[in-house]
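Structure first, commentary second.
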Amino acid sequence: MSASYICADCDHEFVPEEAGDDPRCPMCSRTEAVEPADTSALQSDIWRQWLVVFALLFIAGIAYVIFE
Ligand SMILES: [Zn+2]
């Protein structure tokens, strides 16, 4: 599992050679502008939100069928 990081300063995406708390951008040697570029967590968040929406629609549909 390789965590990639993206530098907000020069837009360079990289995988740090050693997994530390403070990865350094190989392009501009900055550490403060580097952010994790892991988008999978964000995507699963979006999926969870859609799952809630579909669940609510499903429950509403069942309630409609029962009480109509
Ligand atoms: Zn950089």
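What the table shows:
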| item | result |
| --- | --- |
| Computed helical MRE - 222 nm, the chain, DSSP H runs ≥ 4 contributing -39500 (n - 2.57), nearest 500 | -15000 deg cm²/dmol |
| Kirkwood Rh and Cα Rg combined as Rg/Rh, the chain | 1.39 |
| Angle in degrees between helix 40-67 and the longest Cα principal axis of the chain, rounded to the nearest 10 | 0 |
| Estimated distance in nm for a label pair at E32 and F67, the labels positioned 7 Å out from Cα along Cα-to-Cβ | 5.6 |
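Where a number appears in this text, it was derived from the coordinates with a stated rule and is not lab data. A quick note: this is a predicted structure, and the numbers were derived from the prediction, not measured. All Cβ positions, glycine included, derive from the backbone under ideal geometry; neighbour counts span all protein chains shown.
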